[in-house]
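Laboratory data are not the source of any read-out in this text; all were calculated from the coordinates shown. Since the structure is predicted, the reported quantities are computational estimates derived from the model, not experimental observations. Ideal geometry is used to build each Cβ from the backbone, glycine not excepted, and the neighbour counts take in all protein chains shown.
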Amino acid sequence: MARNTKSSQPLTTAQRLSSIVKSCRDIMRKDKGLNGDLARLPMLIWIMFLKFLAIGAPKRFSLRLSPLPEQQQIVAELNTLQVQMDALKKRQAQTAAEFDTLLHSIIDKAFRGQL
């Protein structure tokens, strides 16, 4: 027995939300970089937030912005953290390269019987 997909009654909020989530999940499943619902969850939350803003949330809510000096301090701290993160990434890449070289050297000595 086929179900009738069209209904004369309007969708409830829960049904509309479920529909939006399902549509987002279907689209995100096509992304090769996201494997599993756990990887897609942050993106899904972000999409839902943007959708929430798009349907009129700014009319109903007002956001209080921090004073400009505080915003500038936050940006400065984030910039400092970004510089530190970049340095850590560079150091991790160097360490990985050193480990790779060392591993090849150890394997070579093992095959030559020098260990």
Backbone HN-Hα couplings from phi across region 93-109 [Karplus 6.51/-1.76/1.60, Hz, Gly and Pro as x]
5, 5, 5, 5, 5, 5, 4, 4, 4, 5, 4, 4, 5, 5, 5, 4, 5
Using +1 at the Cβ of each Lys and Arg and -1 at the Cβ of each Asp and Glu in the chain, identify which of His104, Leu65, Phe52 lies farthest towards the dipole's positive end.
Phe52
Total lysine pairs under 25 Å (Cα atoms) in the chain, excluding pairs fewer than 8 apart on one chain
9
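Work out the FRET efficiency for Leu78 and Phe99 from their Cβ-Cβ distance, taking R0 = 35 Å, and round it to the nearest 0.05.
Working: r = 31 Å, r/R0 = 0.88.
About 0.70, to the nearest 0.05.
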